[in-house]
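The structure under discussion appears below in the form of structure tokens.
The values are calculated or read from the model by the stated rules, or taken from the named source; none is laboratory data. From a predicted model like this one, the values you see are computed outputs, not experimental measurements. Note: ideal-geometry Cβ built from the backbone for every residue, glycine included; neighbour counts use all protein chains shown. Quick note on the areas: whole protein, heavy atoms, side chains included, nothing else; ligands and nucleic acids left out. Shrake-Rupley method; radii C 1.70, N 1.55, O 1.52, S 1.80 Å.
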Amino acid sequence: MPDSFEYLMSLYLGSPVEEFLAIADTGSDLIWVQCKPCEECYPQKAPLFDPHASSTYKVISCNTDSCSSLPQASCGEGSQCEYRYGYGDGSLVDGFLSSETLSFDSTGGRRIQVPSTLFGCTHRSNGTFNKNGAGLVGLGGGKLSLIRQLGSAIESKFSYCLPSSSQTSATSRLNFGAIANVSASNAVTTPLIAGFPSTFYFLSLEQVSVEGQGAVKVKPGMQIGNHTERGNIIIDSGTTLTLVDDETLKSIAAKVASSVKLPQVKDPNNDFNLCFDVSGVDANAQFPNITFQFTGGASVVLHQSNAFVEAAQNVVCMTLVSSAGIGVNIFGNIAQQNFHIGSSISSALSSADNFYSKIIPNSFEYLMCIYLGSPVEEFLAIADTGSDLIWVQCKPCEECYPQKAPLFDPHASSTYKVISCSTDSCSSLPHTSCGEGSQCEYNYGYGDGSLVDGFLSSETLSFDSTEGRRIQVPSTLFGCTHRSNGTFSKNGAGLVGLGGGKLSLIRQLGSAIESKFSFCLPSSSQTSATGRLNFGASANVSASNAVTTPLITGFSSTFYFLSLEQVSVEGQGAVKVKPGMQIGSHTEQGNIIIDSGTTLTLVDDETLQSIAAKVASSVKLPQVKDPNNDFNLCFNVSGVGANAQFPDITFQFAGGALVVLHQSNAFVEAAKNVVCMSLVSSAGIGVNIFGNVAQQNFHIGFNLDAMQLTFAPADCANL
């Protein structure tokens with residue numbers, strides 16, 4: 001409902017439920033209401049929320065990731081997370097981060113509850129808040145906003161329609177999920193653009209036209225602090241006027257002044273740049289339409305009520321003003337009135353339909369391209385579905401493996417932050433300690449004995465997109481490694497964990513990529529080839545010859561478990577594989593994991609012995625011992641060379657998914673004139689693994705919501 005050029009939304013809080021009205025604000029993240037006691041607060045009509053009267057109220061500790069997500073937080077009495085949250089107009093609120101059951105009306109007439117919603121219990125406030133509202137609901141793109149907390153439950157979609165501010169008794173709706181679709185025949189669509197901070201919904205405004213006077217081009221991009229944004233304006237329901245840069249404003253004002261045949265006057269309140277005296281014409285005064293053209297050909301026509309406002313008696317002013325004071329261009333709520341505006345956030349902050357990473361073969365491992373920091377630096381890092389931590393080697397790194405690329409310098413990036421050892425994120429790592437200054441120090445190991453040590457941190461990670469622009473993922477958790485030891489290649493600067501655990505890239509992207517990703521690994525012999533790691537909707541594997549098998553939940557959330565039923569050797573029959581697998585003290589339902597970071601395929605000794613016998617019966621070449629002692633079954637190919645023939649080996653996974661491994665997937669050249677079967681014993685590590693040689697030239701799609709894995713044969717270098 002309108003309330004003096006801001007908009008209040010209805011929500012229900014606590015158990016028992018209390019109804020509140022709060023400002024609906026797409027330009028901030030924190031949800032908050034004023035709480036008892038509140039001696040230094042703005043006066044409000046409604047009773048203050050009493051947290052002690054609600055059975056579902058809980059305080060949040062200052063040692064949590066949620067607390068770390070706030071721009072300004074400290075440890076209050078009893079280790080409560082105490083916040084200080086500010087707004088562009090200078091308003092401030094202080095209080096304690098808490099959780100509570102939030103409820104909403106539904107079209108079915110019943111209340112929909114959202115338990116454990118993070119919100120602020122405000123005990124001190126200072127600013128321009130109106131007594132009709134009891135708080136504010138942050139609808140921005142950051143972690144603590146209502147939209148992000150609802151996330152996949154509303155498909156990351158919401159819409160609203162703001163009635164005219166003059167319609168004081170009117171009400172409208174803020175819709176969530178499927179009913180938030182805006183499907184009118186005259187609807188226009190423009191991309192939301194990822195930016196820093198993630199709170200803001202950035203748009204790209206190309207030009208502004210004044211009816212009958214032509215267009216004003218708008219500069220692309222926008223500088224916010226030391227960040228250069230690709231978007232040049234944000235859309236904000238919590239800001240009244242529309243703010244543009246001085247150069248653009250001056251040109252628009254000149255065109256409006258030429259169009260309006262009324263005397264200009266100075267705004268008595270000094271809020272507006274261009275005002276007119278309407279005495280004598282009053283309601284009959286005519287003002288031109290002003291059209292905002294956004295990227296994608298989205299023309300939004302602002303009629304008189306969206307572009308001009310009565311500032312005083314007989315004084316009407318243009319609602320576009322200078323952004324110089326705050327340095328951010330804003331499409332404000334007067335401009336938004338009487339438009340049904342729908343936001344799909346998953347595509348906004350990740351461009352889930354079109355961002356990807358290049359994949360490059362590198363000596364039987366695969367490197368993926370990532371961009372890190374502000375300003376951006378490009379790195380190649382191992383793509384590993386068998387681990388979670390993302391890390392790169394950082395300055396200083398005296399005890400590290402040598403790498404070709406320069407080390408990442410955290411002090412040279414404006415978006416780098418260290419993570420405290422008292423956070424949930426630090427607790428998610430298997431081995432951590434408190435370093436100097438309470439930094440989260442990790443010791444992270446791999447199955448081959450490699451180890452890395454460093455500090456858990458956060459940074460802006462960026463990716464290429466099919467549209468040629470970079471997609472930014474702010475505040476990505478990663479490891480700044482300062483010590484390393486193991487079998488890492490100098491061509492790589494680190495590793496990207498693509499596993500299923502909390503710290504992996506996939507889990508951090510989460511609903512923004514619909515928990516989907518796919519990759520296609522070129523043959524390791526194609527050293528100049530590149531494949532792709534795709535995210536979101538573009539990760540669907542839909543070839544006619546695709547096969548699908550279930551992903552199976554296991555004790556370790558990192559690993560992607562499968563159920564392998566049997567292995568067949570061409571012309572020799574099948575070998576049944578034992579169901580389940582024992583990993584330490586845990587009996588897993590799956591009996592093999594798929595891992596892009598492991599080269600060979602590992603199976604238990606009994607299965608391996610049976611497969612090897614069938615292969616040996618099929619291949620009419622002399623057997624030889626592997627000179628490097630890595631393989632169990634090898635053949636001498638001198639005299640036949642590239643003409644040597646080896647049988648297909650078919651892996652049958654649950655659900656009838658037959659994955660046929662041709663010669664290049666099942667056999668490798670181990671030495672000159674020596675070709676070996678790429679299946680070896682898992683006895684040394686106790687885990688069966690479907691390795692990356694077997695995965696080459698398959699388009700492999702992971703859907704973690706549906707818990708499905710899909711294989712389709714492909715020429716990965718040309719997919």
Here, residue 257 and residue 589, labelled 7 Å along Cα→Cβ, have an inter-label distance in nm of 7.3 nm
Any idea how far the Cα center of region 612-648 sits from the one of region 26-93, in Å?
69 Å
Would you please state which residues of region 676-712 a label at residue 544 would reach in this model, taking the label point 7 Å out along Cα→Cβ and a backbone N cut-off of under 16 Å?
712
Rounded, prolate or oblate (a/c below 1.5 giving rounded, otherwise prolate when a/b exceeds b/c) for region 97-204 by Cα gyration tensor:
rounded
Of the peptides 381-389, 291-299, how do they stack up when ordered by the mean number of other Cβ atoms within 10 Å, highest first?
381-389, 291-299
Unpartnered Cys in the chain, judged by a 4.7 Å Cβ-Cβ cut-off, are 161, 369
19 Å Cα-Cα reach of residue 395 towards lysines, excluding residues that sit fewer than 8 places from it in its own chain
404, 417, 490
FRET efficiency (residue 683, residue 616; Cβ distance; R0 25 Å; to 0.05) is 0.80
Per DSSP helix of 4 or more residues, -39500 (n - 2.57); summed, then divided by the residues of the chain. What does that give at 222 nm, rounded to the nearest 500?
-2000 deg cm²/dmol
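Determine the dipole magnitude for region 468-625: charges of +1 sit on the beta-carbon of Lys and Arg, -1 on that of Asp and Glu, nothing else is charged, the reference point is the Cα centre, and the result goes in debye to the nearest 20.
Details: 13 positive and 8 negative charges, 123 e Å.
Dipole about the Cα centre, nearest 20: 580 debye.
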Spin-label proximity, residue 15 to region 34-61 - amide N less than 16 Å from point 7 Å beyond Cα toward beta carbon:
51-59
Cα-based helix-to-principal-axis angle, 246-259 vs the chain, degrees rounded to 10
50 degrees
Here the relative contact order (percent) of region 534-632, from C-alpha pairs under 8 Å and at least 6 apart, is 22 percent
Against the empirical 2.2 N^0.38 Å scaling, what ratio does the C-alpha Rg of the chain come to?
1.12
Residue 673 to residue 72: extension gain in nm, 0.36 nm per residue of separation minus the Cα-Cα distance?
209.9 nm
Using only the Cα atoms of region 398-439, construct the convex hull and provide its projected area averaged over every direction, in square nanometres to one decimal.
4.5 nm²
Report the accessible area of residue 150, computed with a 1.4 Å probe over the heavy atoms of all protein chains in place, in Å² rounded to the nearest 10.
20 Å²
Mind jotting down the distance between the C-alpha centroids of region 101-171 and region 543-564, whole Å?
38 Å
Semi-axis lengths, Å, region 247-313, gyration tensor of Cα atoms, sqrt of 5 times eigenvalues:
23, 14, 11
Report, in whole Å, the centroid distance computed from the Cα atoms of region 321-346 and region 472-495.
39 Å
Gyration tensor verdict on region 564-608 (Cα atoms; rounded if a/c is under 1.5, prolate if a/b is larger than b/c, oblate otherwise)
oblate
With a ≥ b ≥ c taken as the square roots of the eigenvalues of the C-alpha gyration tensor of region 389-494, please select rounded if a/c is under 1.5 and otherwise prolate if a/b is larger than b/c or oblate if it is not?
oblate
Plugging the Kirkwood radius over Cα pairs into Stokes-Einstein for region 293-412, at a temperature of 37 °C and a viscosity of 0.692 mPa s, what D comes out in µm²/s?
163 µm²/s
Given labels modelled 7 Å from the Cα in the Cβ direction, how far is it in nm from residue 312 to residue 50?
4.7 nm
What three numbers, in Å, describe the spread of the alpha carbons of region 484-536 along their principal axes, ordered from the longest?
34, 28, 13
So between residue 207 and residue 301, what do we pick up on full extension, going 0.36 nm a residue minus the alpha carbon distance?
32.6 nm
For region 1-41, what does the convex hull of the Cα positions come to per residue, in cubic angstrom?
104 Å³
At 4 °C in a medium of viscosity 1.567 mPa s, region 198-239 has a Stokes-Einstein diffusion coefficient, with Rh taken as the Kirkwood radius over alpha carbon pairs, in µm² per second, of 111 µm²/s
Among beta bridges assigned by DSSP with both residues in the chain, the antiparallel ones amount in percent, to the nearest 5, to 85 percent
Probe radius 1.4 Å, ligands and nucleic acids ignored: give me the carbon and sulfur share of the accessible area of the chain as a rounded percent.
48 percent
In percent, how large is the relative contact order of the chain, given Cα pairs closer than 8 Å and 6 or more residues apart?
10 percent
May I ask you to give the average projected area over all directions of the convex hull of the Cα atoms of region 561-650, in nm² rounded to one decimal?
7.2 nm²
Region 439-554 -> Rg/Rh from Cα coords, Kirkwood Rh, value 0.98
Below 18 Å, Cα to Cα, which aspartates and glutamates can residue 250 reach? Residues fewer than 8 away in the same chain don't count.
206, 211, 267, 271
Run the Debye formula on the Cα coordinates of region 528-606, all scatterers equal and no solvent, and tell me log10 I(q)/I(0) at q = 0.12, 0.13, 0.23 1/Å.
-0.50, -0.58, -1.26
May I ask you to derive the relative contact order of region 447-525, considering only C-alpha pairs under 8 Å and at least 6 residues apart, and to give it as an integer percent?
24 percent
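Please work out the Kirkwood hydrodynamic radius for region 23-72, using every pair of different C-alpha atoms, and report it in angstroms with one decimal place.
With all distinct Cα pairs of region 23-72 included, I get 13.4 Å.
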Contour minus Cα-Cα span, residue 363 to residue 717, at 0.36 nm per residue, comes to 125.8 nm
Can you tell me which of 183-190, 454-461 comes out highest on packing, and rank the rest after it, using the mean Cβ neighbours within 10 Å?
454-461, 183-190
